[in-house]
1. Under the condition of being assigned to a loop (DSSP other than H, G, I, E, B) and over 16 Å from the mean Cα position of the chain (by Cα), which residue from the stretch B:186-204 is surrounded by the fewest Cβ atoms within 10 Å (Cβ to Cβ)?
2. Which number in (1) on the phi > 0 side of the Ramachandran plot; (2) open to solvent by less than 60 Å² (accessible area, probe 1.4 Å) marks the one condition that B:SER235 misses?
3. B:ALA150: within 30 Å of A:GLN25 (Cα to Cα), open to solvent by less than 10 Å² (accessible area, probe 1.4 Å) and within 7 Å of chain A (Cβ to nearest Cβ), yes or no?
4. Could you list all residues from the stretch B:91-103 that are surrounded by 23 or more Cβ atoms within 10 Å (Cβ to Cβ) and not β-branched (Val, Ile, Thr)?
5. Kindly evaluate A:ALA259 against the criterion of being assigned to a strand (DSSP E or B) and either open to solvent by 20 Å² or more (accessible area, probe 1.4 Å) or at pLDDT 95 or above (or both).
6. Give me the pairs, please: first residue somewhere in the stretch B:133-153 and in contact (Cβ under 8 Å) with a residue 24 or more places away in the chain and in the same structural domain as B:ASP179 (by the TED database), second residue anywhere and open to solvent by 40 Å² or more (accessible area, probe 1.4 Å) and in a strand (DSSP E or B), beta-carbon distance under 6 Å, and either six or more positions apart or on two chains.
7. Name the single residue, out of those in the stretch B:43-58 being surrounded by 22 or more Cβ atoms within 10 Å (Cβ to Cβ) and of a type outside the set (Val, Ile, Thr), that is nearest to the other protein chains (Cβ to nearest Cβ).
8. Across the stretch B:1-22, what is the total count of residues that are open to solvent by less than 20 Å² (accessible area, probe 1.4 Å) and either at positive phi or modelled with pLDDT under 95 (or both)?
There are 2 protein chains.
Amino acid sequence: MTAPETARRVAVWTEGGPRVVDADQPVVTAFDQGLGRGDGVFESVLVTGGRTPHLDAHLARLHRSAQITAITDPGEDAVRALVGAVVAGWPAEVEGVCRVFLTRGLGDGTPPTLLALLSAVPAETVRQRTEGIAVVTLSLGVPADFRATAPWLLGGAKTLSYAVNMAAQRHAHALGADDVVLTSLEGRLLEGPTSTVVWAARGRLHTPPVDTGILAGTTQARLFARAEDDGWPTSVTPGTVDDLVAADAVWLLSGVRGAAPVTRLDGADRGDAGLSRRVQELLAR
Amino acid sequence: MTAPETARRVAVWTEGGPRVVDADQPVVTAFDQGLGRGDGVFESVLVTGGRTPHLDAHLARLHRSAQITAITDPGEDAVRALVGAVVAGWPAEVEGVCRVFLTRGLGDGTPPTLLALLSAVPAETVRQRTEGIAVVTLSLGVPADFRATAPWLLGGAKTLSYAVNMAAQRHAHALGADDVVLTSLEGRLLEGPTSTVVWAARGRLHTPPVDTGILAGTTQARLFARAEDDGWPTSVTPGTVDDLVAADAVWLLSGVRGAAPVTRLDGADRGDAGLSRRVQELLAR
């Protein structure tokens, strides 16, 4: 069952704790650095069965993002309370996406801005999870080893500055594709604009190393842990687009969409050797 | 005279035209893509003598940024009316910075979000304009010719996704400097995080080419036009940090701070050969 995609909820963090407000009510002031500078961090958390089963991994990454960007972390208890407030009463049969935003606020020493948003997972996202996605590769133009020594580029932080990520997806749509695999200057695999790249080859699951500046994928980490438990070995592998072409299967993983099989890569159809079912079963455990 | 830096104003664009609101009143909803994705564009316009003498150049660049990011442009008349509303009654003796934000809004086909903010120019900005700035060079990690052929990287668009720009300035502050000159992977000069690089050498003013993906500087364009009229030739020059070291003078130009002389570059003191006065006189005409 899918709820109307317009069913939206918002909760803001206040001195007194979480406060649920109307989703159409403005909640951020014009001088907030999260708005004017994209100077904040976020997480997108799956809501399923009325719960957020993978929240812990997102809280840990939000904490790391706040550290990298030197934004005051309001603490795990605050974020948990806020997410709990916005999710409370959400129908168990409707998949949702809960976004948590933490911004630098006014940037003048007053507290950061913390809010949570909840809406139904779009039907198109569910379709992509089920039917797969056409992907194009686009270069980010940065060498794979560059961001590890250039902390001002904020590698590893999930910031609100996603204009390029969104532009890459629009570019893909204009090419008739659904999504993107970003590559380094020399053609090394990085990540999707909102996902982690995983491929199956030679009996193993592979994903690119995070020292390239990509985000540590929460869904990829869960899949790899469960795959190892299940006897499916995993590797962190510096790969190229050629490795994806030669792979048995390729997925883009994210918390909300799950494992979306890549059915077309740079215009060429490709299969998944029947492996997507096993991946999705491991993630659903 | 400097007003309290907390004197802030905000105007939002509505169906009925501009509406001035309290600066502490929230004006943007949680689902606005300008907040959650840094998916919007902006301009920072100097307010002096109670007026915005350089507004035209900012309007033109805002329009280009909207085109590059495929955000619906509400049109010059709307932006002029909004800026007029927020500036009206601002004291002539207080320099202000008027920021105009245009976001994708909800991204669902409803109108974009347009708002304007006004606050006094911070004393520190005035100090940097007068006394000069210590600058460090930091690499963006992208080749100088890369962004011209990678439109998804949004070269030339002044987007709200400024987290890296802000992080670069924080990195400079941690090194005891005021600001940054960003360079390409191969060490070519690009721009400051919020400014344009200009240097004087061999009797000419120089600035890097915009096909590197940098913003077209509104203040740099005004300076160059007036310098040419004044018999000071100008060039668009692909330069390196060595060119800045060898230059007679180096400035970071922006609409609000004006021409800030670089008095220290990567830890080495440097002069301006007495040229800053002429640059500032040309800009003040």
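The values are calculated or read from the model by the stated rules, or taken from the named source; none is laboratory data. What you see is a predicted model; the values in this text were computed from it and never measured. Cβ placement follows ideal geometry from the backbone for every residue including glycine, while neighbour counts extend to all protein chains displayed. The protein model used for the area step is the full one, side chains on, heavy atoms only, and it has no ligands, DNA or RNA in it. Shrake-Rupley method; radii C 1.70, N 1.55, O 1.52, S 1.80 Å.
1. Checked the stretch B:186-204; the qualifying residue surrounded by the fewest Cβ atoms within 10 Å (Cβ to Cβ) is B:GLY203.
2. With (1) on the phi > 0 side of the Ramachandran plot; (2) open to solvent by less than 60 Å² (accessible area, probe 1.4 Å) applied to B:SER235, the lone miss is (1).
3. no
4. Once the filter is applied, which keeps residues that are surrounded by 23 or more Cβ atoms within 10 Å (Cβ to Cβ) and not β-branched (Val, Ile, Thr), the stretch B:91-103 yields B:GLY96, B:CYS98, B:PHE101, B:LEU102.
5. So A:ALA259 fits the description; yes.
6. Going by the 6 Å Cβ cut-off, the qualifying pairs are B:ALA134/B:ARG264; B:ALA144/B:ARG188.
7. In this case the residue turns out to be B:GLU43.
8. Total satisfying the criteria: 2.
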